[in-house]
Amino acid sequence: MLKIGITGHQYFENLKDMNHLESQLYKELLKLSGLSMAFSSLAIGADQLFAKVILKMDVDLGAVIPCSGYEKTFNKSGLKAYCRILEKCKFKEILNFKSPSQEAFFEAGKTIADNSDVLFAIWDGNASKGWGGTADIVRYAIDIQKPIIHMNPWTGEIQTHNYENK
């Protein structure tokens, strides 16, 4: 029974084909055997794309909500998608933060990495724009020797990082 999680960009400026990224993600997910659970914070961008594909595959989805008031961080369309996906989640964990913050987002990413056997990172490989971003979660996953499937949405390159001593 394999558990997976997601970290990734919220915004995909200049990405020409989101459908191609979704197709790549689906193909990578199909390669995993025994997939039983997926974790996401359901943020706009990579998290919601991941959740959409997971739900199409009929895999259980768990939401790791960074804080109370998380819904205030979404624009109108992002909030609509968030609520629709959240309703379909098999479980929801709301972390003990009173409001949105970089610390809350970092802890949510760490929780996802800690509870996953494999972490997907839909990421350009660059530094985070704020603490708790994708690069910080990837660094954390590397530190705990979590296997990572890194998908660069702009180049299409996919790298798998495994750790023999895990």
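The values are calculated or read from the model by the stated rules, or taken from the named source; none is laboratory data. Since the structure is predicted, the reported quantities are computational estimates derived from the model, not experimental observations. Don't worry about glycine lacking a Cβ; one is built from the backbone with ideal geometry, like all the others, and counts go over all protein chains shown. Heads up: the accessible areas ignore ligands, DNA and RNA and are worked out on the full protein's heavy atoms, side chains in. Shrake-Rupley method; radii C 1.70, N 1.55, O 1.52, S 1.80 Å.
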Classify the stretch 119-163 from the C-alpha gyration tensor, please: rounded if a/c falls under 1.5, else prolate or oblate depending on whether a/b exceeds b/c. oblate
Given an 8 Å cut-off on Cα distances and at least 6 residues of separation, report the relative contact order of the chain as a percent. 25
Cα-only Rg/Rh for the stretch 1-146 with Kirkwood Rh rounds to 0.93
Sorted by chain and then number, the residues having a modelled amide H within less than 5 Å of the amide H of LYS92, at least 5 places away or on another chain, are ALA63
Using a 1.4 angstrom probe on heavy atoms only, work out the carbon and sulfur share of the accessible area of the stretch 40-166 in %. 46
Kirkwood calc, the stretch 7-75, C-alpha pairs only, radius in angstrom 13.1
Please give the charge dipole size of the chain, origin at the Cα centre, charges +1 on K and R Cβ atoms and -1 on D and E Cβ atoms. Round to the nearest 20 debye. 420
Could you work out which residue, out of SER116, SER40, SER128, moves most in a Gaussian network model of the chain, that is, has the largest mean-square fluctuation with Cα springs under 10 Å? SER128
If you average the C-alpha positions of the stretch 104-149 and of the stretch 27-79 separately, how far apart do those two centres end up, in angstrom? 15
Of SER77, SER33, HIS161, which is farthest on the positive side of the dipole of the chain, counting Cα position, with +1 on Lys and Arg Cβ, -1 on Asp and Glu Cβ, and the Cα centre as origin? SER77
Give a residue-ordered list of calculated ³J(HN,Hα) values for the stretch 27-43 (Karplus: 6.51 cos²θ - 1.76 cosθ + 1.60, θ = phi - 60°; whole Hz; x for Gly, Pro). 4, 5, 5, 5, 6, 8, 9, x, 4, 10, 8, 10, 10, 8, 8, 6, 5
Scan the chain and hand back the longest stretch that contains none of the chymotrypsin sites (Phe, Trp or Tyr not before Pro) lying in DSSP loops with at most 12 other Cβ atoms within 10 Å. 12-130
Rounded to one decimal in Å, the inverse mean reciprocal Cα-Cα distance for the stretch 83-166, i.e. its Kirkwood radius, is 14.1
Listed pairs LYS92/LYS146; LYS3/LYS92; LYS16/LYS56; LYS52/LYS76; LYS72/LYS146; LYS3/LYS52 exceeding 25 Å between Cα atoms: LYS72/LYS146
Could you give each residue of the stretch 131-140 its phi-based ³J(HN,Hα) in whole Hz, using Karplus coefficients 6.51, -1.76, 1.60 with θ = phi - 60°, and x for Gly or Pro? 4, x, x, 3, 4, 5, 6, 4, 4, 4
